[in-house]
Amino acid sequence: MGKNIPSQRRGKGSVAYRVPSHRSLGDATLFPLAQAGKATITDIVHSPFHSAPIAKLTFEDSKKYLVPAAEGSHVGQVLSDEPENGNVLRIENIPEGSMIFNIELSPGDGGKLVRSGGTYARLVSKEAGKAVLRLPSGQFKTIPITCRAIIGVAAGGGKQEKPWVKAGKKFHAMRVKNRLWPRVKGNVKNPVDHPFGGGKKGKVGRPITVSRNAPSGAKVGYIAARRTGRRR
């Protein structure tokens, strides 16, 4: 009869593949647009859900928020309206050529782009109510200049450069986030465990392009691929 393959179990959203919420510090997004007053960084903490450290902000009215920390930020730093490292400003108030991160796609959404540790986007130009950004991938993106961002580079850079050294460290790191690890190739599994399984030559032995409407147990490989083969 077979059984559910890992992609089916992950899609179902069982406890085994769900990130435990009790480890979360909260949403690390920009504070609401209506929030006024100066903010002070009261602490910088580690969050298992984020690759960048998290800065705790406290406003004059005692309200507290969490935001990704910038490189060079420190406890006791007071955020202002000046285009300086770690401050939260609208794109229209940030000089062209600046490095920014945690960028909003629409005003007030809290930040959706460039949030990983050590990453930043470059503000290329501003005109006609739009701003052009160069993302870490090299692509250019246009957003409204009324969106907000944090000036600087997201802290936590170089985290991926540290070697795991042994499998135990990688196991515990993945276990915290309930990531699927270790990842095993489908063609080395048994036929009951994966559509690519079976055979002794290490090859799939069948087309790996499947329909968009294929059942979940067969939806592996190139799903609804527009083309296959080497580009000539």
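Rule-based calculations on the coordinates, nothing more; no lab input. Everything numeric here is computed off the predicted structure, so don't read it as measured data. Virtual Cβ from ideal backbone geometry, glycine too; neighbours counted across all protein chains shown.
Suppose R0 equals 22 Å; then what is the FRET efficiency for ALA224 and ARG18 from their Cβ-Cβ distance, rounded to the nearest 0.05?
Details: r = 27 Å, r/R0 = 1.23.
It comes to 0.25.
To the nearest whole percent, what portion of all C-alpha pairs in region 114-166 is separated by more than 18 angstrom?
Working: 588 of 1378 pairs.
Distances greater than 18 Å cover 43 percent of the Cα pairs.
Per 5 Å bin from zero, what fraction in whole % of the C-alpha pairs of region 1-92 is there, up to the bin with the longest pair?
For region 1-92, the binned pair fractions read 2, 12, 19, 18, 13, 9, 6, 7, 6, 4, 2, 1, 1 percent.
Run lengths n ≥ 4 of DSSP H only: what is the helix-derived mean residue ellipticity at 222 nm for the chain, with -39500 (n - 2.57) per run over all residues, to the nearest 500?
-2000 deg cm²/dmol
I'm checking a number: the convex hull volume of the Cα atoms of region 184-232, normalised per residue, in Å³. What is it?
Considering the Cα atoms of region 184-232, their hull volume per residue is 87 Å³.
Rg and Dmax of region 47-112, Cα atoms, in Å?
Taking only Cα atoms of region 47-112, I get Rg and Dmax of 12.4, 34 Å.
Percent relative contact order of region 1-92, based on C-alpha pairs within less than 8 angstrom and at least six residues apart?
Reported as a whole number, the value is 23 percent.
Lysine pairs in region 184-232 with alpha-carbon atoms under 13 Å apart, 8 or more places apart or on different chains: how many are there?
Number of lysine pairs found: 4.
Arrange the peptides 128-139, 11-22 so that the one whose residues have, on average, the most other Cβ atoms within 10 Å appears first.
The densest-packed peptide leads the list: 128-139, 11-22.
Please state the relative contact order of the chain as a whole percent: Cα pairs under 8 Å, 6+ residues apart?
Here the relative contact order equals 17 percent.
In µm²/s, what is D for the chain at 4 °C and 1.567 mPa s, where D = kT/(6 pi eta Rh) by Stokes-Einstein and Rh is the Kirkwood radius from Cα pairs?
Translational diffusion coefficient: 62 µm²/s.
Step through the residues of region 213-218 one at a time and calculate ³J(HN,Hα) from phi using the Karplus curve (6.51 cos²θ - 1.76 cosθ + 1.60, θ = phi - 60°), rounding each to whole Hz and writing x for Gly and Pro.
For region 213-218, the Karplus-derived couplings read 9, 5, x, 4, x, 10 Hz, x marking Gly and Pro.
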